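Take a look at the structure below.
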Amino acid sequence: MNDQRNTTDRTATTTHRGPRRTGRTVLAATAVAALGLAWAGTAQAASPSTPTCSAAGLKATFGRQLAGGMNHQGVVIKLRNLSGRTCALRGYPGLGLENSAHKKLTTHTAWGNTWYAHNPGKKTLTLKNGESAEAVVSWSHANTGTSGAVHASYLEITPPASTRHKTLAFPQWVDHGDLAVTAMAKHITITP
């Protein structure tokens, strides 16, 4: 009985030796591949992608005030990274008008060229702590004081990819609540 079991076991072992060796080879190759993936994962962990700038880590300010003919007006908005770490911005800021009681007013924002600047296009901007990005906002105010004009007191600026906004004093008349804004850039050239 023992002999049969041993024979059976040996036969089974002998029968499975070929596949086991193949299995061991496959297992060894899988282990080497896994080590390669683990090493690649470690390399990625050592240099993680730059996080998106959050509204909490940015300070919003107005830069240059822009005025021109044909009832056009504009302003450069700046978002400065004060998060203490490097972060990234890509795209267009969201804009919204508020009245003096901070109630939202009807606002329509067009992304692209403005009266004062050509759109630089969407590019990923890496901002070190203390660095800024800017965008140019423009609007018209031909209907100041009429039913076609919106009297704003504040401007909401939502950084790209954020759900929170910054609010700046903005005592302006804006025709129909229509604003135009460029994408964020390190610097935007104002057209004369």
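The values are calculated or read from the model by the stated rules, or taken from the named source; none is laboratory data. In this text the structure is predicted, and so the values were computed from the model without any measurement. Every residue, glycine among them, receives a Cβ derived from its backbone with ideal geometry; neighbour counts consider all protein chains shown. Note: accessible area is taken over every heavy atom of the protein model, side chains too, but ligands, DNA and RNA are not part of it. Shrake-Rupley method; radii C 1.70, N 1.55, O 1.52, S 1.80 Å.
For the reader, a short list of remarks on this structure follows.
- For region 145-192, trypsin sites (Lys or Arg not before Pro) are listed when DSSP marks them as loop and at most 12 other Cβ atoms sit within 10 Å of their Cβ; the list is ARG164.
- Apportionment of accessible area to carbon and sulfur, region 103-192, percent (1.4 Å): 52 percent
- 13 Å Cα cut-off, lysine pairs counted over region 61-192 (separation 8 or more, or different chains): 5
- Ordering of 82-90, 112-120, 64-72 by burial proxy (mean other Cβ atoms within 10 Å per residue, highest first): 112-120, 82-90, 64-72
- Those GluC sites (Glu not before Pro) in region 86-192 that DSSP places in a loop and that have at most 15 other beta carbons within 10 Å: GLU131
- Long-range HN-HN contacts of THR158 with modeled amide H, under 5 Å: GLY94, LEU95, LYS166
- Theoretical gain in end-to-end length, ARG64 to LYS123 [0.36 nm per residue, Cα-Cα removed]: 19.0 nm
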